[in-house]
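Inspection log for the structure reproduced underneath, given as structure tokens.
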Amino acid sequence: MKSKKTILGASAVALLLVGAVSGCTASSEEATSVNSEAEQKTIKVSYLVNDGFKQLDDLFNKVKPEFEEKNPGVVVELDPITGTDSDYTTKLSLMHQDPSTQPDVFYQDSFLVRSDVAAGYLLNLDQYVSEWDEWDMFDEGAKGAGQDASGSVYAISMGTDSRGIYYNKPVLEEAGIDLPWQPENWDELMADVRQIKESTGEIAFNTYSGNGAGEGAVMQGFFMFLYGTGEDPLFDNASGKWVIGSQGFRDSLAAYETLFQEELAAPVEEAADGNMWQKVLGPWIKDGTVAATIDGSWVPRMWGSAGGDFEWPEYEDEIGVAYMPSQDGGSKVTLSGGWTLALGSETEHPEEAFAFLTEALNYENALKFYVDNAQIAVRSDVAQDEAYQSANKFVPFFTDLVSSTNFRPATEDYPRISIAVQQATDDIMFGNKTVEEAAAAYDQAVIDIVGEENVIRK
Amino acid sequence: MISTRNLKRRLPILPSFLMLALFMAGPIVWALYISLTNTSLTGTAAQDSQFIGLDNYLTMLGDPDFPNAVWLTVVFVVGSAIIGQNTLGLFLAIGFRSASKAIKKTTSALVMAAWMLPEIVVAFAAYVFFNTDGTLNQILLSLGVDPIAWLFEAPMLAIVLANIWRGTAFSLLVYMAALDDVPEEITEAARIDGASSSQHLFLVTLPIIKNSINTNLMLITLQTLSVFTLVYTMTRGGPSGKSTTLPVFAYDQAFRVADIGYGAAISVVMILIGVIFSVIYLRLLRSEGDKNE
């Protein structure tokens, strides 16, 4: 009996093991046989979708059937990823960890290009763009957004953006501000904002802040102040070193401190929520709860898209725009970013993946995306198109701002530096640290990230 | 002969041993290894990570956010598991012995619902309940109390209460089973001797079910130590780190800051804390067992 039991036990183990092993081989055989039988090539396209951003999903759903018809045997598998920008970034980084999950084509924020190239996630596109006749249509700034330090191309720009101040005209008028509103320096800005606060008692001036807002806290927030304090306030281009200990950084933090302590900005419990932009651009700017807000050139796409959650056709009459002034006046402050399309470094079908990319960015589709998504054109031919120029009322204003724009430092360390800046705004917003303490903590964080030899005191 | 026989006897546990090694020990060893490197989600270190020894652990010692996360984890475990779920589960189980069927049924349905629902659903329900425009504030408003931004003003209280709701069913079931083992004669004898109900509880019931209490405490402590979804969904560890327990802290460092190595080091420390708790509870269990023998 005993020996029988042992045999039973042993064979059960053996069966289990054999089962597991054969299970593995069977599934992989299956996968290859499906591929070879149909002789199909599948291209996985991963991109971001959320409440405020459905335009790319629209575009890809239009491109997919067109591309598949032109390229028989190639199947496009759309993989929309729902979430915030930072959720998307995390998920994408994890997908890059294994060739079986890495997308063939993906939507990529330009500020992550350099660090993801260093991580080996992006395919070098030099050979492909050299054979692409439409590549010359892209302007130099846009080409630079997808290059590494040596000038090799890794990502193709889908458009750029700029940032300014949107304000509710009736609310400012009520507060006794002369329209069109344009503060010329920080003092004027603060004086006007206090006057608005007196009048409405609500949020007079919104700037994004804190860890919850992520990259938005620096792009549509802190950097709009910092880049108005002098040349190269974050990264010294001449020496290639990160700036620490600067007066401009402390002044910008002090401006934040004033805005939050005097309750000119949003209440902290709202500002700490990474989804506050949905309220700001939804109900608040319409009903005057927010009188003015820093935001990006893409915002009109949300108000203008019929049937969307943010639809507000009256915005063209109700909203005015102003540029962000520099600290002492005399220049316009804005920042540009933008998103790109890139190919996964391990893609098995680079030719087809690149063909999909060029299809999505051809004249017709680029125009559609620029218009739907309120992007600033990076294709010089499309920029001349009447449909682009009249896409929304503010296109000329924001396009003009690009001439005085700043780009984030294109280094692989930037994403982590940005987190340190977000932390500084978070500490100021909550009143956890004084300006001096937050600036000192930032300086230390920068040294920890890039090393003592890569910082410069200003 | 005996050793061969023993070997044969132990053969059937080989698969489970292999499974445990693969799925339990494997990830732990891997986390330990990663925590000694500068592995990152992006940048050069993602492709070519370096062995950096104990640097991540030294960073942790100097990181003011780390003791904060440890403290909040202790508050969370003690508040929601050891005090909340455990005590509530015990009293519900005792109450159920004398409650009417209707009360017993409705109460246990309410308690069990939170246990049966997926954690993410419970987390969203709790988020909506505690939200500034949420159910709790609507109720308060109808009673004439000004609404409070719970998740902002008292994030720890909110997640502790949510976790009590989520996990009490487990303790309830453990104690219902344990109380069934309390012999009827002893209860009766105590009653005849004139024991008050609190005397009965502390001098009769609790000593008899002591082993169940220890086992229950160990299980819910370990479960609560690793709660992530509930906290992350409700507060994301905020505002400004005020509800960042260790799992959320590890996630933030690994996936938001992209520093996988540091995140792994925090996970290893979490494992150590779990081991310490387990050893304490196991000791308690063992000494109790010895006495019985």
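Brief remarks on what is shown
- Among residues of region A:422-451 being away from every other protein chain (no Cβ under 13 Å) and open to solvent by less than 10 Å² (accessible area, probe 1.4 Å), the one that is farthest from B:L41 (Cα to Cα) is A:A439.
- Test for A:T160: is it modelled with pLDDT of 95 or more and within 20 Å of A:G296 (Cβ to Cβ): no
- In the set B:G194, B:G237, only one residue is without any contact (Cβ under 8 Å) to a residue 24 or more places away in the chain, at positive phi and more than 14 Å from chain A (Cβ to nearest Cβ); that residue is B:G194.
- Residue check for B:D65: charged (D, E, K, R) and either without any contact (Cβ under 8 Å) to a residue 60 or more places away in the chain or surrounded by 17 or more Cβ atoms within 10 Å (Cβ to Cβ) (or both): no
Residues checked against (1) within 14 Å of chain B (Cβ to nearest Cβ); (2) more than 19 Å from the chain's Cα centre (by Cα):
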{"site": "A:E263", "(1), (2)": "no, yes"}
{"site": "A:G274", "(1), (2)": "yes, no"}
{"site": "A:V280", "(1), (2)": "no, no"}
{"site": "A:I285", "(1), (2)": "no, yes"}
{"site": "A:V299", "(1), (2)": "no, no"}
{"site": "A:P313", "(1), (2)": "no, yes"}
{"site": "A:E316", "(1), (2)": "no, yes"}
{"site": "A:V321", "(1), (2)": "no, yes"}
{"site": "A:M324", "(1), (2)": "no, yes"}
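- Test: residue in region A:58-80 that is among the aromatic types (F, W, Y), closer than 30 Å to B:D259 by Cβ and more than 14 Å from chain B (Cβ to nearest Cβ): no
- Applying the criterion of being of a type in the set (S, T, Y) and more than 30 Å from B:I209 (Cβ to Cβ) to the residues of region B:246-289, the residue that is most open to solvent (accessible area, probe 1.4 Å) is B:Y251.
- Number of positions in region A:69-97 that are more than 24 Å from the chain's Cα centre (by Cα) and surrounded by fewer than 14 Cβ atoms within 10 Å (Cβ to Cβ): 4
- Test for A:D104: is it crowded, with 19+ Cβ neighbours inside 10 Å and either at pLDDT below 90 or within 14 Å of another protein chain (Cβ to nearest Cβ) (or both): no
- Qualifying residue in region A:130-143 (condition: free of Cβ contacts under 8 Å to residues at least 24 places away in the same chain and open to solvent by less than 40 Å² (accessible area, probe 1.4 Å)): yes
- Residue count, region B:160-194 (criterion: open to solvent by 40 Å² or more (accessible area, probe 1.4 Å) and over 26 Å from the mean Cα position of the chain (by Cα)): 10
- Of the helices (runs of 4 or more DSSP H) lying entirely inside region B:39-110, the ones with 1 or more residues being away from chain A (no Cβ under 14 Å) and of a type in the set (D, E, K, R) are found at B:86-98.
- Considering region B:5-38, and only residues there that are of a type in the set (V, I, T) and free of Cβ contacts under 8 Å to residues at least 60 places away in the same chain, the residue that is nearest to the other protein chains (Cβ to nearest Cβ) turns out to be B:I13.
- One residue stands out in region B:244-277 among those that are within 14 Å of another protein chain (Cβ to nearest Cβ) and assigned to a loop (DSSP other than H, G, I, E, B): the one that is nearest to B:T39 (Cα to Cα), namely B:D259.
The values are calculated or read from the model by the stated rules, or taken from the named source; none is laboratory data. Model, not experiment: these values are computed from the prediction. Glycine also receives a Cβ, built like all others from the backbone with ideal geometry; neighbour counts cover every protein chain displayed. Heads up: the accessible areas ignore ligands, DNA and RNA and are worked out on the full protein's heavy atoms, side chains in. Shrake-Rupley method; radii C 1.70, N 1.55, O 1.52, S 1.80 Å.
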